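Data block below; observations after.
No value in this document is a laboratory result; all are computed from the given coordinates. None of these values were measured; they are calculated from a predicted model. When we count neighbours, we look across all protein chains shown, and the Cβ atoms used for this are built from the backbone with ideal geometry, even at glycine.
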Amino acid sequence: MVNYRDESGYADSLGILGAGPLGGFTPSMVVQNADGYRYLVAPMVDGYPWQGLKIDGNLNVTKYQPGMGLRYVAGNDPAHPSSDYFSLGQGSPQVWQPNVYAAGTAACEIRIVKSTTLQPSTPDQHQMKVPSISGCGAGPGIMPATGRRSRD
């Protein structure tokens, strides 16, 4: 993770996923394995899903608003000047720092809902995980925001 901003009731973070361009990303969803165990597959920061995805205690999706709190950067080279910003968004609607790109670097910005207590911290004190479809050479898996790959 390269950037983390505590915004009182929200937290916004930016993580590098690896060299781009990535072929795609796994849609956020609740899945069930062969044993009947249900679990959430979604981009998360510190174990919390992005702002536009809400699930109840029974793992039922109660809110699904794509684009609200989740932004992918595929890592195109050259970068697309209208969408591949390498910065945290701010305001509503979201705007990004102009002319800040990282061509060839896949990234993800995740905004989560959190307690309203401000908790000063640095990016290395947080964890981002983003499920991927393809693009990092080893097929589907979980990509920590360090760019290294794990299968957990």
Q127 long-range amide H proximity, modeled H, under 5 Å
D46
Would you mind telling me which residue in P78, P49, P120 has the biggest mean-square fluctuation in a Gaussian network model of the chain, where springs connect alpha carbons within a distance under 10 angstrom?
P120
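Which length gain, in nm to one decimal place, applies between E7 and Q125 when the Cα-Cα distance is subtracted from 0.36 nm times their residue separation?
Working: separation 118, 0.36 × 118 = 42.48 nm, distance 1.61 nm.
Once the chain is fully extended between E7 and Q125, it gains 40.9 nm.
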Footprinting proxy, Y64, Y39, Y85: sorted fewest to most Cβ within 10 Å, the residues are Y39, Y64, Y85
Quick one: which residues, 5+ away or cross-chain, put their amide H under 5 Å from the amide H of A102? H built at 1.01 Å from N.
F86
Using a Förster distance of 25 Å, how high is the FRET efficiency between A19 and L40, based on the Cβ-Cβ distance and rounded to 0.05?
0.40
Can you tell me which aspartates and glutamates have their Cα less than 17 Å from the Cα of K54? Leave out same-chain residues fewer than eight positions away.
D12, D46
With R₀ set to 22 angstrom, the calculated FRET efficiency between the beta-carbons of L59 and Q90, to the nearest 0.05, is 0.10
Using a Förster distance of 35 Å, the FRET efficiency for Q32-T116 (Cβ separation, nearest 0.05):
0.55
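Full-extension gain between D77 and N99, please, as 0.36 nm times their residue separation minus the C-alpha to C-alpha distance.
Values: separation 22, 0.36 × 22 = 7.92 nm, distance 1.45 nm.
Length difference between fully extended and current span is 6.5 nm.
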Taking D77, D56, D35, D84 and counting other beta carbon atoms within 10 angstrom, the fewest-first order is D35, D56, D77, D84
Hey, fewest Cβ within 10 Å first, where do L22, L17, L118 land in order?
L118, L22, L17
